[in-house]
Amino acid sequence: MLESLRTDPTFHPSPRLAMEAEPERIAYTALLSPDASRPDALAVVDVDPASPAYGTVLHRLDMPNKGDEFHHFGWNACSSALSPMSGHAFLKRRYLVIPGIRSSRIYIVDTQPDPAKPTIAKVIEPEEVFRKTGYSRPHTTHCGPEGLYISTLGGAGDGTQGPPGVFIMDCKSFEIQGKWEIDRGPQKLHYDFWWNLPRDYMVSSEWGLPAQFENGIVAEDLLGNKYGHQLHFWELSGRRHIQTIDLGANHQMALEVRPAHDPAREYGFVGVVVDTTNLEASIWTWWREGGTFHAKKTATIPPEPADAALLPDLLKGFGAVPPLVTDIDLSLDDRFLYVACWGTGELRQYDVTDPMNPRLSGSVHVGGIARRTPHPNGSAFGGGPQMTEISRDGKRVYFTNSLYSSWDAQFYPAGVPGRMVMCNVGENGGIELDKKFVVDFGAEFGAHQIRLQGGDCSTDSFCYSSA
């Protein structure tokens with residue numbers, strides 16, 4: 001009984017204290033079946049350098065259904081449970097909540113009693129999601145003070161019955177509570193979201209509606225600037241929309257949002273996949289000043305010229321490879337921003353000590369549409385750096401190589417066999433691919449989101465400032 005009343009040791013009041021926690025020993029990686037010929041799965045990967053099984057799959061949990069398309073998943077609870085707003089102070093970081101972005105089905109996976117052999121605790125069918133929320137295509141899971149927040153990419157049913165948004169799930173029973181928004185304002189598209197708990201605001205971004213992504217990128221919509229290009233800001237406690245910033249219609253697909261981890265810092269970053277005027281990608285810094293939010297483009301990444309013979313049909317007419325920034329991640333000390341350029345096969349490290357002037361401080365190449373750079377161990381690498389996860393201490397950066405099955409097929413028609421690799425981070429910046437850590441999940445699986453045991457840099461939000 002007393003044990004259940006103790007705060008979970010993986011919950012930390014501040015980012016600095018989280019950085020001092022023990023290193024991760026296990027990683028959980030979402031695997032998807034590119035052709036839906038088999039169920040998706042959750043892989044348990046050994047990331048303990050002292051283990052004889054280092055860099056191998058310890059266990060694979062196959063799901064009971066086909067066609068889910070695993071994407072982003074998260075923990076049932078994290079450091080936000082320490083918020084004074086929370087009534088859940090004695091939760092445990094035990095369950096992984098895994099949405100199927102295509103099926104709208106949600107799996108609750110129990111990592112206890114053996115973290116290396118998780119089991120399915122509950123399955124929430126799509127009809128329940130539709131009925132209780134009016135949403136479909138669940139995408140990103142964040143644990144917060146009210147419970148579990150899950151963003152969606154479509155309205156109910158076929159995805160066109162109303163705008164997408166966020167819904168709340170109880171973090172103990174996993175019962176769906178309903179829509180999060182009380183006043184959604186002009187928001188009509190959705191993708192990622194995150195918040196600053198003490199400052200009481202949420203920020204969300206935009207991708208597109210299901211018809212614009214489920215069967216691959218729609219070139220006409222992209223060239224017509226019909227994908228998302230806005231940031232939305234919300235009052236977290238009041239659940240109401242307070243401001244929109246339009247980045248410009250040419251800045252197509254504003255995806256991952258990464259607020260500063262230290263809640264005393266009122267800024268963050270968002271990655272834009274492509275500028276339709278010149279194929280470059282960009283990083284924007286947003287901040288609040290005088291009660292109003294602002295955003296500014298603070299870094300750009302140019303396309304790389306390429307022989308048309310090396311390009312997929314979608315890009316042959318351009319004679320170049322766009323970087324396609326599909327993920328960004330921020331270290332817990334708010335010092336380094338990692339930018340995954342899935343198209344050119346580059347992972348960039350920016351020093352963002354000055355968030356208004358990101359400085360390129362490191363880079364590695366592996367894969368890429370035209371480059372096709374092999375891994376340093378000599379093996380081929382399909383796709384490029386994609387979902388990125390940073391260890392709490394900031395010394396290791398893991399990434400996988402699959403974006404979304406139908407998009408993988410368009411940009412990498414030769415296939416994207418699932419891989420997970422890791423970069424070591426220099427003490428003063430710089431990154432280098434680890435030659436020994438290469439996890440091969442096989443051609444039958446794509447690899448996407450990574451979660452680290454005990455938390456990571458895109459899992460937890462913190463309640464108190466670092467000393």
Helix-only [θ] at 222 nm, the chain, -39500 (n - 2.57) per DSSP H run of 4+, per residue, nearest 500, equals -1500 deg cm²/dmol
Hey, could you grab the Kirkwood Rh for the range 330-383? Inverse mean 1/r over distinct alpha carbon pairs, Å, one decimal.
12.0 Å
Which loop chymotrypsin sites (Phe, Trp or Tyr not before Pro) in the range 161-239, with loop taken from DSSP, have no more than 15 other Cβ atoms within 10 angstrom of their Cβ?
none
Anchor Lys436: lysines whose Cα lies under 20 Å away (excluding residues fewer than 8 positions away in-chain)
Lys395
What shape does the chain have by the C-alpha gyration tensor, where a ≥ b ≥ c are the square roots of the eigenvalues, rounded means a/c under 1.5, and otherwise prolate means a/b greater than b/c and oblate the rest?
rounded
Through the Karplus equation 6.51 cos²θ - 1.76 cosθ + 1.60, θ set to phi - 60°, convert the phi angles of the range 359-365 into ³J(HN,Hα) values in whole Hz; use x for Gly and Pro.
10, 4, 10, x, 6, 9, 10
What is the Rg over Rh value, at two decimals, for the range 1-99, using alpha-carbon atoms and the Kirkwood definition of Rh?
1.04
Using a simple charge model, +1 on the beta-carbon of Lys and Arg, -1 on the beta-carbon of Asp and Glu, nothing else, what dipole does the range 222-368 show about its Cα centre, in debye to the nearest 20?
340 debye
Given 10 °C, 1.306 mPa s and a Kirkwood radius over Cα pairs, the Stokes-Einstein diffusion coefficient of the range 339-460 in µm²/s is 108 µm²/s
To the nearest 0.05, how large is the calculated FRET efficiency for Thr292 and Leu360 if R₀ is 30 Å and r is the Cβ-Cβ distance?
0.50
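Since every read-out is calculated from the coordinates, none of them should be taken as a lab result. Since this is a predicted model, take the numbers as computed values, not measurements. Here Cβ is always computed from backbone atoms with ideal geometry, including for glycine, and neighbour counts include all displayed protein chains.
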